[in-house]
1. Inspect all residues belonging to region 83-101 and state whether any of them is surrounded by 22 or more Cβ atoms within 10 Å (Cβ to Cβ), in contact with a strand residue (DSSP E or B) (Cβ under 8 Å, 6 or more places away or on another chain) and more than 28 Å from residue 15 (Cα to Cα).
2. Among the residues of region 2-17, write down those that are at negative phi, over 20 Å from the mean Cα position of the chain (by Cα) and free of Cβ contacts under 8 Å to residues at least 40 places away in the same chain.
3. Under 9 Å between Cβ atoms, at least 6 apart or on separate chains: pull out the pairs that start in region 86-110 with a residue that is part of a strand (DSSP E or B) and end on any residue that is surrounded by fewer than 13 Cβ atoms within 10 Å (Cβ to Cβ) and modelled with pLDDT under 95.
4. Only one of 83, 74, 33 is closer than 23 Å to residue 114 by Cα, without any contact (Cβ under 8 Å) to a residue 60 or more places away in the chain and assigned to a strand (DSSP E or B); which?
5. Is one or more of the residues making up region 61-71 within 25 Å of residue 171 (Cβ to Cβ), touching a strand residue (DSSP E or B) at 6+ places or on another chain (Cβ under 9 Å) and not in a strand (DSSP E or B)?
6. What are the residues in region 1-19 that are in a loop (DSSP other than H, G, I, E, B), out of contact with any strand residue (DSSP E or B) (no Cβ under 7 Å at 6 or more places or on another chain) and surrounded by 10 or more Cβ atoms within 10 Å (Cβ to Cβ), if any?
7. Say whether the condition of being over 21 Å from residue 12 (Cα atoms) and modelled with pLDDT under 95 is met by at least one residue in region 161-168.
8. For the list (1) surrounded by fewer than 17 Cβ atoms within 10 Å (Cβ to Cβ); (2) out of contact with any helix residue (DSSP H, G or I) (no Cβ under 7 Å at 6 or more places or on another chain); (3) closer than 21 Å to residue 153 by Cβ, I need the number of the one condition that residue 58 fails.
């Protein structure tokens, strides 16, 4: 399936020089959405995954149906102020500023094998922060599943030995 043709590219958003990959045009296509989830599941089905985590907010588009498809639980990694119980937080640098993520302290059991899901891999900053949260809780990050990867920003290299699976790779 030609997923790239279903992703709208918006030059100059959210700031000049950025070429935003708008996945909403893919999400509304039921066959494409099903294909993405099935391909992620196919890639990770035999990797002995215990739980799936999704990064707020666009990571939820794929992590929830993927958890369902694989018969696994879902742990949300959220922006600050969204989780009600005892949580662990981390602040990190973004392509255009800083941000923070949080996870419930009881969300990951030490030794659990975790698949981390997000919509896009750029510099790897958000993903690396989520990996740090999971590791602080004793989880083992088995892989990272993405719809889109912006290869020129080097995120894959930043993730080291974590298995990275991306369905659409842009080199620009």
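1. no
2. 2, 5, 10, 11, 13, 16
3. Here the result reads 91/98; 92/98, each pair linking region 86-110 to a residue that is surrounded by fewer than 13 Cβ atoms within 10 Å (Cβ to Cβ) and modelled with pLDDT under 95.
4. Details: 83 fails: assigned to a strand (DSSP E or B); 33 fails: assigned to a strand (DSSP E or B).
From the options 83, 74, 33, the qualifying one is 74.
5. To start, the set of residues in region 61-71 that are within 25 Å of residue 171 (Cβ to Cβ) comprises 61-62.
Of the ones still in play, those that are also touching a strand residue (DSSP E or B) at 6+ places or on another chain (Cβ under 9 Å) are 61-62.
Next, from what is left, pick out any that are not in a strand (DSSP E or B): 61-62.
Yes, the conditions are met somewhere in region 61-71.
6. Step one: of region 1-19, the residues in a loop (DSSP other than H, G, I, E, B) are 1-3, 7, 12-18.
From the residues that got through so far, the ones that are out of contact with any strand residue (DSSP E or B) (no Cβ under 7 Å at 6 or more places or on another chain) too are 1-2, 12, 15-18.
1, 12, 18, listed by residue number.
7. From region 161-168, those over 21 Å from residue 12 (Cα atoms) are 161-167; that's our starting set.
Then drop every residue that is not modelled with pLDDT under 95, which leaves 161.
The answer is yes, given that some residue of region 161-168 is over 21 Å from residue 12 (Cα atoms) and modelled with pLDDT under 95.
8. It fails just one condition, (1).
The values are calculated or read from the model by the stated rules, or taken from the named source; none is laboratory data. Only a predicted model underlies this, so the values are computations on that prediction, with no experimental measurement involved. No Cβ is skipped: glycine too gets one built from the backbone with ideal geometry, and neighbour counts run over all protein chains shown.
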